[in-house]
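The values are calculated or read from the model by the stated rules, or taken from the named source; none is laboratory data. Please read these numbers as outputs of a predicted model, since none were measured by experiment. Note that we place each Cβ from the backbone using ideal geometry, even for glycine, and neighbour counts take in every protein chain shown.
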Amino acid sequence: MKSKKSCLLAVFLMLLVGLADAQIESDSTAKKDFDYSNRFSPRRALYFSAIMPGLGQVYNRKYWKVPIFYAGFAAGVYVTGFYQDKYVDYRNELLNSLSTNSFPSTPSNFTEATLRRAVDFYQRKRDATLVLMGIGYLLQIVDAHVDAHLKDFKYNPNLKISLEPVRYPNEFSGTGGGLALTVTF
């Protein structure tokens, strides 16, 4: 029994020393080639955004994006609640009317077919809103990941996109005008 414990303790200590040695080596190599882009890990930004929406943008120091995501989320919650309330109202009205068989005298004065269409309509809208909220959640994760990748992107300061007025010959009126999108590399 004591030999098993001592063997397990020896294995544990060897693993611990090996991990500590690996940590020292990785710390020394990290100090040699440290630059701005290594501070922002795309994987870490992705995990932060997946755990809490907007946290990846905070990690990337794009603070202005966080209120946009939360405003979209709040709007989605509001719209989902609206459609859910309408769905429940019409569904309850339909179920009450079916149980009492009193369609001409429903509170909304709708027929059975109209109530069924209303229930289906609000259920579809609610579900579509939930799907859009899920897509928004995934997009904010992708945004944080891509933004962290682009931290080390070297851009050309001469790159320019501009919208300029342009004149060109026109065979009917002599000259014509318009706008030209100009890209300079």
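Structure data summary
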item	result
Breaking point among (1) among the hydroxyl-bearing types (Ser, Thr, Tyr); (2) assigned by TED's automatic domain parsing to the domain that holds Val77; (3) farther than 30 Å from Pro53 by Cβ, for Ser173	(2)
Subset of segment 65-105 (residues that are of a type in the set (S, T, N, Q), modelled with pLDDT under 90 and buried (at least 16 other Cβ atoms within 10 Å of the Cβ))	Ser97
In segment 133-165, the residues that are farther than 23 Å from Lys62 by Cα and either surrounded by 12 or more Cβ atoms within 10 Å (Cβ to Cβ) or among the polar types (S, T, N, Q) (or both)	Asn158, Ser162
Cross-chain or 6+ apart pairs with Cβ under 9 Å, segment 115-140 first and over 30 Å from Ser102 (Cα atoms), then outside any helix (DSSP H, G or I)	Gly136/Pro53; Tyr137/Pro53; Gln140/Pro53; Gln140/Gly54
